[in-house]
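Coordinate-derived values only; no laboratory data. On a predicted model such as this, the values are computed, not experimentally measured, just so you know. Cβ coordinates were reconstructed from backbone atoms using ideal geometry, including for glycine residues, and neighbour counts include every protein chain displayed.
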Protein chains: 2
Amino acid sequence: MDEFSFINAIKPKAYNQPTLIKGIGDDAAVFRSTSDVVTTVDTFVEDIHFSLETMEPFHIGYRVLAANISDLAAMGAKPAFYLVSMCIPKKWNQEALEGIYQGMNELASMYQMDLIGGDTVSSDRLMISITAMGYVSKERARYRSHARPGDIIFATGTLGDSRAGLEILLHQQKCKDKDYYIKRHRLPQPRAAFALGLREIERVALNDISDGISNEANEIAEASGVELIIIEEKIPVSQTFHQFSEKQQYEWKLSGGEDFELLGTVSKQEWARVQEIAYQENTPIKQIGYVRESDEPRVLIQSQEEVKQLTKSGYTHLK
Amino acid sequence: MDEFSFINAIKPKAYNQPTLIKGIGDDAAVFRSTSDVVTTVDTFVEDIHFSLETMEPFHIGYRVLAANISDLAAMGAKPAFYLVSMCIPKKWNQEALEGIYQGMNELASMYQMDLIGGDTVSSDRLMISITAMGYVSKERARYRSHARPGDIIFATGTLGDSRAGLEILLHQQKCKDKDYYIKRHRLPQPRAAFALGLREIERVALNDISDGISNEANEIAEASGVELIIIEEKIPVSQTFHQFSEKQQYEWKLSGGEDFELLGTVSKQEWARVQEIAYQENTPIKQIGYVRESDEPRVLIQSQEEVKQLTKSGYTHLK
């Protein structure tokens, strides 16, 4: 299948976004925005970010777009458009390619996102790069730098599930809720609806949990110049997460990544309203710590025994 | 060099675009547009689109961004932003990576374009994908579908030079103006200034010549539902282009591609003004044919001996 026929095959028959003026079929796409435009790119490479041993083409397409939508959600933006660049091994057949496209399309349809550009080339190894664009109201983009001393820290959903799902797939491990963990790994749900629901809240710091909260919490601390204190036992995990070894639990919930949940901070006054919005959007949410003033931006993790500093990579040491 | 350090290394210290609100450093970038937004993606893979035998890292970076700017120019858009996704072989050193970045930056600086996002991952083979964005005034996007019967067809610059440069590099060929052809291959100049200069002209069809005029002319014919007649001897070529074999000249000027010149059509009434604009922007321009009404969209090529139909791939047959 050559480049042209694949682009034609996946070219949408109709577009959803009312702001789109020109979709696929000219030198470039055109849209007319009245809101601020938010844009991000994510690249997934076979055997680095995913393996065909643990994912089908459908999951791969779904997951790359999920990563992008999660970035948009973390900015408080409504997903609108995406452009796809794919390197496809020659041995791939049309069915596999369509699987990738269907995976992307499944998620795109949920958000009425339009595919507005693409580029497919041959390569030895599968690579998919997506640039996504969304809209956010003026002064409502959610930055990492928006955390303030006194804020509460919250996380959506449960953490470590995607990493657990990968482990189960890699080692054919028998365990409780096996299908649940596998689904969390293959078909993560970005928290776009909840993030959009927050639009009435004036100030929220948000970061999506793509590399684990160790990394994301440190990014918020650095960007905002504050100290984040996370209470270890409050980090939300699934009911059957305790079946894994203590070491696994600890590593996965802090550094597992790719859960595509949201980590955020908001003032105490607004916390009740944030919880209401989460409830309306069917998004589990939990306070996991608080923000403190500090000369040295850093993240501390507090357990029943001790307080340690948590680095970006998840390494802890006594403070 | 890991992903994070490379992104930090190329992160701009200052941004040029006044509409940019947030550059690199959060989950996504944010900009506020009052014009229409034009966006396109181009992907280049080692040993498919370029070879390290004929290009240095600087040229590779330069050329991928040139392809994107050329697409924006073909829409009449002013280049503004770009996001880069790169797969980098582990054996590449920092100097080579910086070469790529410097090549992109050289061209970006010319247009005050800002790098607003990026993603670098390891791979076996070098791959660079760029998504570029630009601005165009309302109702001034230049579509392929804008050709009308009676229009004159024009081309900028000279065609076939990039392909000639590649041939010279591949076969170490001795010839006149060797450096000129090599430069045309490695460091093409997209025609963005000329395309922007056309803003006062109400209707222009434009297509950038990335795959050769055989392909681009057919795209205009199909999108506009018209017949394009191209006069072979009027296709602009460089002064010393005749040193190549007749077969090479014919193939290269029709299907050589990657000259990143513009092919367009405009009404006879506006043609003098288009030539003036081209002169002001130091852009050579030439009429190469005319547009005719037709029940069957197609491209004809007329030589002194005969008239043939020209297909997308450059194949000709008697009409």
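A few remarks follow.
- In a DSSP loop and with at most 13 other Cβ atoms within 10 Å, the GluC sites (Glu not before Pro) in segment B:142-229 are B:Glu202.
- Debye-sum result for the protein assembly as shown in log10 I(q)/I(0), which assumes one identical scatterer on each alpha carbon, at q = 0.05, 0.12 Å⁻¹: -0.25, -1.21
- Segment B:28-89-segment B:286-300 distance, computed between alpha-carbon centres (Å): 31 Å
- Across A:Lys234/A:Lys286; A:Lys178/A:Lys234; A:Lys78/B:Lys22; B:Lys253/B:Lys286; A:Lys78/B:Lys138; B:Lys183/B:Lys253, pairs whose alpha-carbon gap is larger than 19 Å: A:Lys178/A:Lys234; A:Lys78/B:Lys138
- Antiparallel %, DSSP beta bridges [both residues in chain B], to 5: 75 percent
- Average beta carbon contacts from partner chains per residue of A:41-47, 10 Å cutoff: 6
- Binning all Cα-Cα separations of chain B at 20 Å, short to long from zero, yields these whole-percent fractions: 32, 55, 12, 0.
- Of all DSSP bridge pairs formed entirely within the protein assembly as shown, close to 75 percent run antiparallel.
- Loop-located trypsin sites (Lys or Arg not before Pro) in segment A:70-150 (DSSP state not H, G, I, E or B) with no more than 16 neighbouring Cβ atoms inside 10 Å: A:Lys90, A:Lys91, A:Arg125, A:Lys138.
- Peptide A:84-91 is shielded by partner chain Cβ atoms: per residue, an average of 3 of them sit within 10 Å of its Cβ.
- Sparse-neighbourhood loop sites, trypsin sites (Lys or Arg not before Pro) in segment A:1-86 - DSSP loop, at most 12 other Cβ within 10 angstrom: A:Lys13
- Peptide A:125-136 has a mean of 5 when you count, residue by residue, the C-beta atoms of other protein chains within 10 Å of its C-beta.
- Extension gain from A:Lys286 to A:Arg32, taking 0.36 nm per residue of separation minus the Cα-Cα distance: 87.7 nm
- Positive-end extreme of charge dipole, the protein assembly as shown - chosen from A:Gly225, A:Tyr181, A:Ile128 (charges on Cβ): A:Gly225
- Computed from Cα atoms alone, the Kirkwood hydrodynamic radius reported for segment A:144-318 is 16.2 Å.
- Taking amide H atoms as placed 1.01 Å from N in the peptide plane, the amide H of A:Gly212 lies under 5 Å from those of A:Gly257, A:Glu258, A:Asp259, each 5 or more residues away in sequence or on another chain.
- Calculated label separations, B:Glu305, copies of the chain, 7 Å along the beta-carbon direction, nm: 9.0
- Taking every full run of DSSP H in chain A, the ones that stretch at least 20 Å from end to end by Cα along their long axis and average -0.5 or higher on the Kyte-Doolittle scale are A:57-74, A:94-110.
- Only beta bridges with both residues in segment B:18-166 are counted; by DSSP, about 70 percent of them are antiparallel.
- Whole-Å distance, taken between Cα centres, linking segment B:168-211 and segment B:259-278: 15 Å
- Label points for A:Pro149 are taken 7 Å from Cα along Cα→Cβ. From this copy to the others they lie 7.7 nm apart, shortest first.
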